[in-house]
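Structure first, then comments.
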Amino acid sequence: MIFNDEQVVKIRELFRQIQTEIYGLDRADLTAITLVPAETNLKEWIRSYVYKYVTEVGYAKFVSDYAEDLPPVARFLQAKAVEIKTIADSYSFSEQELNEWLAIGTRIDTAEAETAKAKIDEKVDETILKGDAEAGFQGLINNANVTMYVPPVGADSGTVLKGRDLAGVTATIQGMIDAQKTLAANDAGKATVKADSLLLAPADYAYIATTPINANNSTTMLEWLKKTFPQIVTWAEVEELHNASASGDKDRAVLYKKDRKCVAYLLPLPLRQKQAQERALHCRVPCHARCGGTIFKNLKSVIYA
C-alpha cells in the first residue's frame with residue numbers, strides 16, 4: 001500500500017477515533033469483574049506477581065498487670081508467584097476500504113474492531129472465573145486447593161439445590177456457611193473470616209428464585225433465604241458453574257468472601273491497541289491485554305459444594 005503524507009495523517013486520525021470509540025464500549029453480559037475484586041496498583045509491564053498467603057493462629061485474652069501467661073500468636077507467610085501472560089487478537093482494514101474512505105468519506109465499518117475488544121474481554125472474564133489450563137491459571141470457581149463441602153443426601157442428581165424443599169435448601173446453605181466458618185476458625189473457635197457471597201449454577205438459582213416457600217405463601221425461596229441469611233449480601237447466577245465439578249457432570253456452588261484480602265483478579269492491562277501495521281493489502285491493528293487469573297490469598301474464605 002502506498003499513501004501520501006496527507007493520507008497517512010488522515011488514516012492515523014481515523015484509527016485514533018476508532019480506538020477511542022472501542023475503549024468506551026461496555027463489557028456487556030460479562031460478570032467476572034463484578035464478582036471478584038481487582039488487585040490494585042499493578043504496573044502494566046510486570047511479568048509476574050508475588051503475593052503472600054497468610055495463616056494466623058492464636059488468640060488474645062484479658063490479663064492482670066503482671067501476668068506472664070500471654071497467649072502466643074503466629075503468622076505463617078508463604079510467598080506465591082503468578083506469571084502474567086498476554087491475551088491478543090487483531091482487526092484489519094483493507095486497502096480498498098481505506099481508499100474509499102479517503103476518496104468519498106464512506107463510514108468505516110468498526111464491527112471487527114468491536115469484536116476484537118469483545119473477544120479479549122470475554123477471554124479475561126473466562127480466565128477470572130474458570131482459569132485457563134493451557135496458561136496454567138485457575139479461576140474463582142475451580143481452584144483445586146479449595147475445600148469441598150458435600151451437601152446431605154437428597155439433592156437432585158447433578159445439582160446442589162434444585163428439587164429440594166425449603167428445609168433441604170436451607171440446610172444445604174447453612175451447611176456451606178458452617179463449613180466455611182469451621183475452616184476459618186481460630187484456636188478459640190471463632191471464624192477469622194466470614195463468607196458474604198454465594199454463586200449458583202443457573203438451574204439452582206432459577207429454582208430458588210421461582211419456587212414459593214410453600215403452597216400457601218408466594219414468597220420465593222430466594223426472597224426467604226436473603227432474609228434468613230443476611231450475612232450473604234451477594235446472590236448471583238453464574239453460567240460457568242453448570243457442570244463445573246471435577247468430574248464435569250455436576251453443578252457447583254461457591255461460597256466466598258468478596259474481599260481483595262481474600263481473593264482477587266490480576267489484570268495489569270485490560271486492553272491496549274497498537275498503531276496500525278501495514279501488510280500486503282491491508283492495515284492490521286494488534287490488540288492485547290495482560291492477565292494473571294484469580295489469586296486466593298486466603299483459601300479458608302472459600303467453600304465449594
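The values are calculated or read from the model by the stated rules, or taken from the named source; none is laboratory data. This structure is a prediction, so every number in the text was calculated from the model and none was measured. In this analysis, Cβ positions are derived from the backbone assuming ideal geometry, glycine residues included, and neighbour counts consider all displayed protein chains. Heavy atoms of the whole protein, side chains included, go into the accessibility calculation; ligands, DNA and RNA do not. Shrake-Rupley method; radii C 1.70, N 1.55, O 1.52, S 1.80 Å.
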Quiz item: Among the residues of region 202-225, is any among the charged types (D, E, K, R), surrounded by fewer than 19 Cβ atoms within 10 Å (Cβ to Cβ), under 15 Å from Val169 (Cα atoms) and without any contact (Cβ under 8 Å) to a residue 40 or more places away in the chain?
Solution: yes
Quiz item: What number of residues in region 212-232 are in contact with a helix residue (DSSP H, G or I) (Cβ under 6 Å, 6 or more places away or on another chain) and at pLDDT below 95?
Solution: 1
Self-check item: Restricting region 75-99 to residues that are crowded, with 17+ Cβ neighbours inside 10 Å and not in a strand (DSSP E or B), the residue that is modelled with the lowest pLDDT
Solution: Leu98
Quiz item: Among the candidates Ala133, Ala103, which residue alone is open to solvent by 10 Å² or more (accessible area, probe 1.4 Å), within 17 Å of the chain's Cα centre (by Cα) and over 16 Å from Ala289 (Cβ atoms)?
Solution: Ala133
Exercise. Please state which one of Val302, Val233 is β-branched (Val, Ile, Thr) and open to solvent by less than 80 Å² (accessible area, probe 1.4 Å).
Key: Val302
Exercise. Would you confirm whether any residue within region 48-64 is assigned to a helix (DSSP H, G or I) and either at pLDDT 80 or above or in contact with a Gly (Cβ under 6 Å, 6 or more places away or on another chain) (or both)?
Key: no
Practice problem: Could you tell me whether Lys43 is modelled with pLDDT of 80 or more, part of a loop (DSSP other than H, G, I, E, B) and surrounded by fewer than 13 Cβ atoms within 10 Å (Cβ to Cβ)? | Solution: yes
Exercise. Tell me, please, whether a residue that is in contact with an Asp or Glu (Cβ under 9 Å, 6 or more places away or on another chain), in contact (Cβ under 8 Å) with a residue 12 or more places away in the chain, under 23 Å from Gln231 (Cα atoms) and not in a helix (DSSP H, G or I) can be found in region 161-180.
Key: yes
Exercise. Give region 143-178 a look and list any residue that's at pLDDT below 90 and among the polar types (S, T, N, Q), or say none.
Key: Ser157, Thr159
Practice problem: Filter region 164-188 down to residues that are over 26 Å from the mean Cα position of the chain (by Cα) and either open to solvent by 60 Å² or more (accessible area, probe 1.4 Å) or within 22 Å of Thr34 (Cα to Cα) (or both), then give me how many there are. | Solution: 4
Quiz item: What tally of residues in region 248-296 results from selecting those that are outside any strand (DSSP E or B) and open to solvent by less than 30 Å² (accessible area, probe 1.4 Å)?
Solution: 6
Quiz item: Within region 119-142, is there a residue that is in contact with a strand residue (DSSP E or B) (Cβ under 6 Å, 6 or more places away or on another chain), charged (D, E, K, R), more than 15 Å from Leu266 (Cβ to Cβ) and modelled with pLDDT of 90 or more?
Solution: yes
Quiz prompt | Subset of region 87-110 (residues that are in contact with a strand residue (DSSP E or B) (Cβ under 9 Å, 6 or more places away or on another chain) and aliphatic (A, V, I, L, M)) | solution = Ile87, Ala88, Leu98, Ile108
